Every structure is written in C-alpha cells, then in structure tokens.
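Novice: First the structure, which I've put down as structure tokens, then a few questions once you've had a look.
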Amino acid sequence: MEEGREDRKRAGGCDRQAIDDLLSGTFNSILRIEERSLDNRLTSGLTITEVHTIVAVGLYERNPMNVVAARLSVTTATLTTAVGKLERKGFIERTRAADDRRKVLLSLTKKGRLVYRAHSLFHRQMVDEALEGLTDEEERVFTEALIKVKAFFDERA
C-alpha cells in the first residue's frame, strides 16, 4: 500500500488534505479580501459582521427582526444588539409595523444603502475576477461542484 495513504485518502485522484487546505485557504482569503474592501469612505468604522447585517436587512426592504435574524443565522437578541449599533451609526432604521405595533421592521438609511451597493459591487468584481480565464465548460463544472459543496455545509450548519 502507498506510504501514508491511510492519512491521505484520495477523492477522485485528489489528496483530501489538499482539498481541506484549499477550502480553508479560500475561505480565509475571501475574508481577508473582504476585510480590506472595507477600507473605504463608505464602510469606514464597520466590521464585516456589520456589513453582512446591512446586507441581510435588504436594499429597499422593510423586514421584521426575525427574518433578518434568520438570514444571518443568529438569535433575535443578538441581532437587536447589532442593530442598535448600526442604528446609532446611521446605517439602519427601526420602525413599528402599522398592522402590529409589536413587530419591529428594519430598513436601511441612505448611508446603509450605499454600503449595501458597495458590498454587492465588491462581490460582483470578486466573482468576475475569480472566474476570469475559465472556459464556459470549466465555469459550469466549477459551479456544479460548488453547489454540491455548499449543500454539504448547509446541511450541517
């Protein structure tokens, strides 16, 4: 038997440790790039988590707290704290629903919408650059593989 094979089971001819390194490395690289993208006048003073909270609220939506919390996979209590900070910074507004005054609705201010758009642009450019140089077939195969990998992680989240 090949030396060390027990520790490096192969998947379709690919070393599983190499796949683990690629997944972890890619995730960490995306986070670092995203953090650097926050170094601009629109997002100054915001954390990645705060930017993702802004994105979860939605561009022109008025969403209840529980909907936004579900999008972020956090509790409503955790979201309440985050929203308080973003409201003080001028990115999010809280209002009461007209039909049920107990329901708190979240929406973005103009400042929040600018951050939302800047973050969306960052992601569009990142994907465009990452796929640059791939053939249509390579892009299709890559997409199908990512769908399967994401489904695996979503099941365990």
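The values are calculated or read from the model by the stated rules, or taken from the named source; none is laboratory data. All values reported here derive from a predicted model rather than from experimental measurement. Note: ideal-geometry Cβ built from the backbone for every residue, glycine included; neighbour counts use all protein chains shown. Remember, those area values only see protein heavy atoms, side chains included, never the ligands or the DNA or RNA. Shrake-Rupley method; radii C 1.70, N 1.55, O 1.52, S 1.80 Å.
Novice: Please list, in order along the stretch 121-127, the HN-Hα scalar couplings obtained from phi with the Karplus expression 6.51 cos²θ - 1.76 cosθ + 1.60 (θ = phi - 60°), rounded to whole Hz, x for Gly and Pro.
Specialist: Per residue, the Karplus-derived 3J(HN,Hα) values read 4, 4, 5, 4, 5, 4, 5 Hz.
Novice: Longest exposed-loop-site-free stretch of the chain, with trypsin sites (Lys or Arg not before Pro), DSSP loop and at most 10 other Cβ within 10 Å?
Specialist: Values: sites that count: R5, K9, R41, R101, R102.
Result, exposed sites excluded: 42-100.
Novice: Could you tell me the calculated FRET efficiency between T109 and R32, based on Cβ-Cβ distance and R0 = 30 angstrom, to the nearest 0.05? The partial results should precede the final answer.
Specialist: Details: r = 28 Å, r/R0 = 0.95.
Efficiency for this residue pair is about 0.60.
Novice: Which Cα, out of S107, I54, T95, lies furthest along the positive dipole direction of the chain (beta carbon charges, K/R +1, D/E -1)?
Specialist: Positive-end residue among those listed: T95.
Novice: Tell me, what HN-Hα J-couplings in whole Hz come from the Karplus equation 6.51 cos²θ - 1.76 cosθ + 1.60 at θ = phi - 60° for each residue of the stretch 39-56, using x for Gly and Pro?
Specialist: My calculation for the stretch 39-56 gives 7, 8, 5, 6, 10, 4, x, 9, 8, 4, 4, 5, 4, 5, 5, 4, 4, 5 Hz in order.
Novice: Now, a different point. At 0.36 nm per residue, minus the direct Cα-Cα distance, what do V149 and D39 gain on full extension? Give it in nm, one decimal, please.
Specialist: Between V149 and D39, full extension yields 36.5 nm more.
Novice: Let me ask you something else. Rolling a 1.4 Å sphere over the protein heavy atoms, what is the accessible area per residue of the chain, to the nearest Å²?
Specialist: 71
Novice: Taking H placed 1.01 Å from N in the peptide plane, check which residues at least 5 places from L105 or on another chain put their amide H under 5 Å from its amide H.
Specialist: T95, R96, A97
Novice: How many angstrom lie between the Cα centre of the stretch 134-156 and the Cα centre of the stretch 62-88?
Specialist: Taking the Cα centre of the stretch 62-88 as reference, the centre of the stretch 134-156 is 30 Å away.
Novice: Take S73 and R124, extend 7 Å from each Cα along the Cα→Cβ direction, and tell me the distance between the two endpoints in nm.
Specialist: 2.7
Novice: Taking all protein chains in place and a 1.4 Å probe, what share, in percent, of the accessible surface of the chain do carbon and sulfur account for?
Specialist: Within the chain, the accessible surface is 54 percent carbon and sulfur.
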